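Chemist: Here it is, the structure, as structure tokens.
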Amino acid sequence: MDTGLLQSIDQQTRLAGYNRLALLLFSLGGKATFGINVFKVREVLPCPKLQQVPRAHPLVRGVFDCRGVVLPVLDLSAALGLGSSNPQYVIVTEFNRHMQAFAVGGVERILHVDVADVLPPDDPEGFLTAMTRYDQRTVQIVDVERVMAEINNIHVGAAVDDDAGSSGWRALIADDSQIARRQVEETVRALGIKCICVPDGERALVWLREQAQFGHLDDVALVVSDVEMPRLDGYALTAEIRREPALQDLYIVLHTSLSGVSNRAMVDRVGADRFITKFSREELSRAVSERLDQLMARNAA
């Protein structure tokens, strides 16, 4: 393993601008190439000796002490239905307010790609969020949020009836992770807001432009967007919205599993109204409720 790769993760993430995606490429014991967003990676380590945990989830290979923190190590190959493998490394990650490690076969390099070159997966119900190409290979970007939902037994329910909603307001939700879209939708709909859900920023922008063209934006209370999405990411989506006179007054919440000072700085730079780290139902509910209060106060004035 190239130690320069391990030392460059923070630097590489700082260099990634909006609509650019930095991926850590890895393998799972076979020829296929996989990727994970570098912003979610804390470090890469040779696979340590793992301590077994009684009655653990079948995908948990064991735990180890990582600088004073006991972390579960998840069998990513088995989670993706590829069978258990002999891991050589663990990728220590932090997202959705938790740390965990994934056992992988090998780690290759950090790849920067234009989000326009990142496409949705063939199977939207599977464990991939997107795919891209590198060096005549297909890179499969893993939906690690979905993997964690599987381990934590979080049910991904059926699509909710889009006609529900009692407040008269609508919200646009953009997220490439199926589990994340459903979590956000359930939270927002509980406040009486009708939800329109799309899997990437490009389709979000198309929908907003169509609504503006026909004069149907007045009841759109807010846009809740993930940051890392194929075709058009949350930063670029926000920047495009702020550039278009018909859309620029929309209230935008960037809701992301990525945390850190660099992300918050980028949120301010592109002009989002709020930044929330996934997934806190209470914090998201509070943000949406405060937005509804603003709208009610504005309409009463």
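Chemist: Tell me, yes or no, whether the stretch 95-106 has at least one residue that is part of a loop (DSSP other than H, G, I, E, B), open to solvent by less than 70 Å² (accessible area, probe 1.4 Å) and under 23 Å from Leu21 (Cβ atoms).
Modeler: Within the stretch 95-106, one or more residues are part of a loop (DSSP other than H, G, I, E, B), open to solvent by less than 70 Å² (accessible area, probe 1.4 Å) and under 23 Å from Leu21 (Cβ atoms).
Chemist: Taking the stretch 183-212 only, how many residues are under 18 Å from Leu284 (Cα atoms), without any contact (Cβ under 8 Å) to a residue 40 or more places away in the chain and part of a helix (DSSP H, G or I)?
Modeler: Selection size over the stretch 183-212: 3.
Chemist: May I ask you to list the residues in the stretch 125-152 that are open to solvent by 50 Å² or more (accessible area, probe 1.4 Å) and assigned to a helix (DSSP H, G or I)?
Modeler: The answer is Glu150, and nothing else.
Okay, residues lined up against (1) open to solvent by less than 70 Å² (accessible area, probe 1.4 Å); (2) over 25 Å from Leu23 (Cα atoms); (3) aliphatic (A, V, I, L, M); (4) in a strand (DSSP E or B):
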| site | (1), (2), (3), (4) |
| --- | --- |
| Asp218 | no, yes, no, no |
| Val224 | yes, no, yes, yes |
| Arg242 | yes, yes, no, no |
| Val253 | yes, no, yes, yes |
| Leu284 | yes, yes, yes, no |
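Chemist: Keeping to the stretch 33-68, report how many residues are within 15 Å of Leu111 (Cα to Cα) and either touching a Cys at 6+ places or on another chain (Cβ under 9 Å) or of a type in the set (D, E, K, R) (or both).
Modeler: Counting residues in the stretch 33-68 that are within 15 Å of Leu111 (Cα to Cα) and either touching a Cys at 6+ places or on another chain (Cβ under 9 Å) or of a type in the set (D, E, K, R) (or both) gives 1.
Chemist: Return the residue satisfying two criteria in turn: it lies in the stretch 78-94 and is part of a loop (DSSP other than H, G, I, E, B) and among the hydrophobic types (A, V, I, L, M, F, W, C), and of such residues it is nearest to the chain's Cα centre (by Cα).
Modeler: Leu80
Chemist: Further question on the same structure: Name the residues in the stretch 54-77 that are assigned to a loop (DSSP other than H, G, I, E, B), in contact (Cβ under 8 Å) with a residue 24 or more places away in the chain and in contact with a strand residue (DSSP E or B) (Cβ under 8 Å, 6 or more places away or on another chain), would you?
Modeler: Passing the criteria: only Leu59.
Chemist: Consider the stretch 218-237. How many of its residues are more than 22 Å from Phe95 (Cα to Cα) and out of contact with any Asp or Glu (no Cβ under 9 Å at 6 or more places or on another chain)?
Modeler: Looking only at that region, the number is 4.
Chemist: Taking the residues in the stretch 102-139 that are closer than 26 Å to Cys66 by Cβ and not aliphatic (A, V, I, L, M) as candidates, determine which candidate is modelled with the highest pLDDT.
Modeler: The residue in question is Phe102.
Chemist: OK, next. Report, by residue number, each residue of the stretch 78-92 that is open to solvent by less than 40 Å² (accessible area, probe 1.4 Å) and touching a residue at least 60 places away in the same chain (Cβ under 8 Å).
Modeler: Ala79, Leu80, Ile91
Chemist: Then there is this: When you check Gln248 against the structure, is it at pLDDT 95 or above and part of a loop (DSSP other than H, G, I, E, B), yes or no?
Modeler: For Gln248, the condition - at pLDDT 95 or above and part of a loop (DSSP other than H, G, I, E, B) - is met.
Residue by residue, here is whether (1) polar (S, T, N, Q); (2) assigned to a helix (DSSP H, G or I); (3) at pLDDT 90 or above holds:
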residue: Leu6; (1), (2), (3): no, yes, no
residue: Asp10; (1), (2), (3): no, yes, no
residue: Tyr18; (1), (2), (3): no, no, no
residue: Leu24; (1), (2), (3): no, no, yes
residue: Gly30; (1), (2), (3): no, no, no
residue: Phe34; (1), (2), (3): no, no, yes
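Chemist: For residues that are open to solvent by less than 40 Å² (accessible area, probe 1.4 Å), touching a Cys at 6+ places or on another chain (Cβ under 7 Å) and not aliphatic (A, V, I, L, M), tally how many sit in the stretch 174-196.
Modeler: Number of matching residues: 1.
Chemist: Now, a different point. For the stretch 50-87, name all the residues that are hydroxyl-bearing (Ser, Thr, Tyr) and touching a helix residue (DSSP H, G or I) at 6+ places or on another chain (Cβ under 8 Å).
Modeler: Scanning the stretch 50-87 gives Ser84, Ser85.
The values are calculated or read from the model by the stated rules, or taken from the named source; none is laboratory data. For clarity, every value in this text was computed on a predicted model and none was experimentally measured. Every residue, glycine as well, gets a Cβ built from its backbone with ideal geometry; the counts of neighbours run over all protein chains shown. Surface accessibility is based on the protein's heavy atoms, side chains included, excluding ligands, DNA and RNA. Shrake-Rupley method; radii C 1.70, N 1.55, O 1.52, S 1.80 Å.
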